[in-house]
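Asker: Questions regarding the structure given below will be posed in turn.
Where a number appears in this text, it was derived from the coordinates with a stated rule and is not lab data. The structure presented is a predicted model; accordingly, all values stated were derived computationally and were not measured. All Cβ positions, glycine included, derive from the backbone under ideal geometry; neighbour counts span all protein chains shown.
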Amino acid sequence: MNFWQAVILGIIEGITEFLPISSTGHMIIASSWMGIDRLAFTKMFEVAIQLGAILSVVILYWRKFFDRGRLAFYRKIILGTVPALIIGFLFAPVIDRLLDSPLTVGIMLLVGGIVLIWVDEWFGEPKVYQEEQMSVWQAIRIGFWQCLAMIPGVSRSAAAIIGGLQQRLSRELAAEFSFFLAVPTMAAATGYKLLQAYLHQPQLISEGHYLYLLLVGSAVAFVVALMAIRFFIQYLQHHTFRIFGYYRILVGIIVLILVWKGVLT
């Protein structure tokens, strides 16, 4: 991997991590297209640069994350993350194998796109507009929905947002709560991946060139994610998720064609 490939993946991570279009799916496609998908460093890099995206959420919502009086908020985030931690740990080998499958990505992009087109009409009018109105059980149920994103191409944010809508959250709150859940979920996934690299392939995080690329990718992901989050929340104040559904269907069809043609393997 070179500098520009790290920048490209950082941009993709920053744009797609918090939009319901699957960051993992897009990075699998991009790394495969650039011919670096089989590198051990690429697999670790695609997870590790999530730290930059995580930091963007913490910076944008710092009042919530650093207010010690919000114990109920912390409780919802922690308990909402537990399902992903348990299922992710139990099925880690299966998840790693799925990450190597552009076919899975294409199918899930297509299916998820169809869902997003109609999701606003499925669950009726929202009843919860502020995080303070949410119950702990609603947070836990959304956490279980988030687990669907362990299938590459589903999108963690899409799964959590659909879960939020199913729990009658408003579009904006469902999106914001998916951001909040992302912080501990992605931090745990990144920490686990870095630990695995340290134990089995320490050169991937100790060599100067690799460390430099990780810092570049994370910094780019941070800056781009800041802009993507702001855009997404403003967009949802006046629009539904339908445009993201159409986009997913288009990309999913392209991926399936590329897999059929043998371009993506």
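Asker: Hey, got a sec? Which chymotrypsin sites (Phe, Trp or Tyr not before Pro) in the range 7-109 land in a DSSP loop and have at most 11 other Cβ atoms within 10 Å?
Answerer: Phe66
Asker: Could you name the aspartates and glutamates whose alpha carbon sits less than 13 Å from that of Lys127, not counting residues in the same chain fewer than 8 places away?
Answerer: Output for Lys127: Glu172.
Asker: How far, in degrees from 0 to 90, does helix 171-200 lean away from the longest principal axis of the Cα atoms of the chain, to the nearest 10?
Answerer: That helix lies at roughly 30 degrees to the long axis.
Asker: Further, regarding this structure: Considering the options Val223, Ser135, Ile15, tell which one lies farthest towards the positive end of the dipole of the chain, charges being +1 on Lys and Arg and -1 on Asp and Glu at the Cβ, about the Cα centre.
Answerer: Ser135
Asker: Which loop-located trypsin sites (Lys or Arg not before Pro) does the range 16-108 contain, where loop means any DSSP state but H, G, I, E or B and the Cβ has at most 12 other Cβ atoms within 10 Å?
Answerer: For trypsin sites (Lys or Arg not before Pro) across the range 16-108 that sit outside H, G, I, E and B with at most 12 neighbouring Cβ atoms in 10 Å, the list reads Arg38, Arg68.
Asker: What angle do you read, to the nearest 10 degrees and between 0 and 90, between the alpha-carbon axis of helix 208-236 and the longest principal axis of the chain?
Answerer: The two axes meet at around 30 degrees.
Asker: Another question, then. As an exercise, use a Förster radius of 35 Å and the Cβ-Cβ distance of Ala92 and Met34 to find the FRET efficiency, rounded to the nearest 0.05.
Answerer: The pair Ala92/Met34 has a calculated efficiency of 0.85.
Asker: Given the rule -39500 (n - 2.57) for each run of at least 4 DSSP H residues, summed and divided by the residues of the chain, what is its mean residue ellipticity at 222 nm, to the nearest 500 deg cm²/dmol?
Answerer: After summing the helix terms and dividing by residue count, I get -24500 deg cm²/dmol.
Asker: Still on this structure, please answer the following. So how strong a dipole does the range 125-192 carry about its Cα centre when Lys and Arg Cβ are +1 and Asp and Glu Cβ are -1, to the nearest 20 debye?
Answerer: Taking the Cα centre of the range 125-192 as origin, the dipole is about 200 debye.
Asker: For the chain, what does the equivalent ellipsoid look like in terms of its semi-axes, each the square root of 5 times an eigenvalue of the Cα gyration tensor, given largest first in whole Å?
Answerer: 28, 22, 16
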